[in-house]
Amino acid sequence: MLRTILAATIAATGLFTAASMTQAASGSHVDAKCNLTVARDEMTNFDAHSVYLCLAEKMGIGYQTGDKRWVPREFVQNFRSWTPASTLPADAGVHGGRFLFTYVNPIGAAEYLKFAEEGVKMPVGSVIAKESFSINKKGKAKPGPLFLMQKAPAGASPRTADWYYMAVLPNGKPMAVNVYKACHECHSGFEDSDYLGYPEEDVRRTGG
């Protein structure tokens, strides 16, 4: 099921064309266990792409495992059917140095994909999902948390500018963290863009 959803996302968005898929598979430095065969500082964008495709099914199954408690299960179940905001996973230097791949739900996609730096006002009900994985210096890859942001009604959470922050571990357990210190303090640097930390510029999806 999750493999089908990922394949449908790829087909619907055209993010991963047949040419890029072939190049990622044939030219990448990734083994059957999803690990790099070169050092991390020697990897290419296609290597990161290949690692993501290799880990994707395992990540999706893990995120959906078990009780989600305060995290809406539908977010975890459906995020791969949302609009991808990335063309490739990238390490933006945040979220513990993990590689991130971003999706936005239908409510927020049009506004988010403008990637505006000021005057942004995300619609209430917008949800951003960021899948993550890490690669250590020796090239070993492993799934990371699924990070989620949900835009709440005005006044619902003044301390976090009406954003709810959530995360699900690779084993499916919700992460219990101080969301102000762990999440919003960093996002507060993006106040003009409604506290959104966009994907790296060279991997942003453009052109609708």
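In the stretch 58-69, the residues that are modelled with pLDDT of 95 or more and surrounded by fewer than 16 Cβ atoms within 10 Å (Cβ to Cβ) form Cβ pairs under 6 Å with partners that are not in a loop (DSSP other than H, G, I, E, B) and not aliphatic (A, V, I, L, M), at six or more places apart or across chains, as follows: R69/P174.
Please work out which residue is nearest to the chain's Cα centre (by Cα), limiting yourself to the stretch 158-170 and to residues that are buried (at least 18 other Cβ atoms within 10 Å of the Cβ) and assigned to a loop (DSSP other than H, G, I, E, B).
If we take residues in the stretch 158-170 being buried (at least 18 other Cβ atoms within 10 Å of the Cβ) and assigned to a loop (DSSP other than H, G, I, E, B), then P170 is nearest to the chain's Cα centre (by Cα).
Going by the structure shown, is A85 crowded, with 20+ Cβ neighbours inside 10 Å, hydrophobic (A, V, I, L, M, F, W, C) and at pLDDT below 95?
In short, no.
In the set (1) of a type in the set (A, V, I, L, M); (2) out of contact with any Cys (no Cβ under 9 Å at 6 or more places or on another chain); (3) under 21 Å from R69 (Cα atoms), the condition left unmet by V203 is number (3). Could you look through the stretch 108-139, keep only residues that are under 30 Å from L36 (Cα atoms), out of contact with any Ser or Thr (no Cβ under 8 Å at 6 or more places or on another chain) and free of Cβ contacts under 8 Å to residues at least 40 places away in the same chain, and pick out the one that is surrounded by the fewest Cβ atoms within 10 Å (Cβ to Cβ)? In this case the residue turns out to be S134. Collect the residues in the stretch 171-196 that are of a type outside the set (K, R), assigned to a loop (DSSP other than H, G, I, E, B), within 15 Å of L146 (Cα to Cα) and at pLDDT 90 or above, keeping them in residue-number order. Result: N171, G172, M175, A176. For the stretch 5-20, check the following and say yes or no: at least one residue is modelled with pLDDT under 50, crowded, with 16+ Cβ neighbours inside 10 Å, in contact with a helix residue (DSSP H, G or I) (Cβ under 8 Å, 6 or more places away or on another chain) and not in a helix (DSSP H, G or I). Within the stretch 5-20, one or more residues are modelled with pLDDT under 50, crowded, with 16+ Cβ neighbours inside 10 Å, in contact with a helix residue (DSSP H, G or I) (Cβ under 8 Å, 6 or more places away or on another chain) and not in a helix (DSSP H, G or I).
The set of residues from the stretch 84-107 being polar (S, T, N, Q) and either without any contact (Cβ under 8 Å) to a residue 60 or more places away in the chain or closer than 10 Å to A129 by Cα (or both) comprises T102, N105.
Residues in the stretch 60-86 that are farther than 22 Å from Y112 by Cβ, in a helix (DSSP H, G or I) and in contact with a Gly (Cβ under 9 Å, 6 or more places away or on another chain): I61, G62, Q64. Quick check: is even one residue across the stretch 129-150 within 30 Å of N171 (Cβ to Cβ), assigned to a loop (DSSP other than H, G, I, E, B), hydroxyl-bearing (S, T, Y) and in contact with a strand residue (DSSP E or B) (Cβ under 9 Å, 6 or more places away or on another chain)? No - not one qualifying residue is present in the stretch 129-150.
The values are calculated or read from the model by the stated rules, or taken from the named source; none is laboratory data. Everything numeric here is computed off the predicted structure, so don't read it as measured data. In this analysis, Cβ positions are derived from the backbone assuming ideal geometry, glycine residues included, and neighbour counts consider all displayed protein chains.
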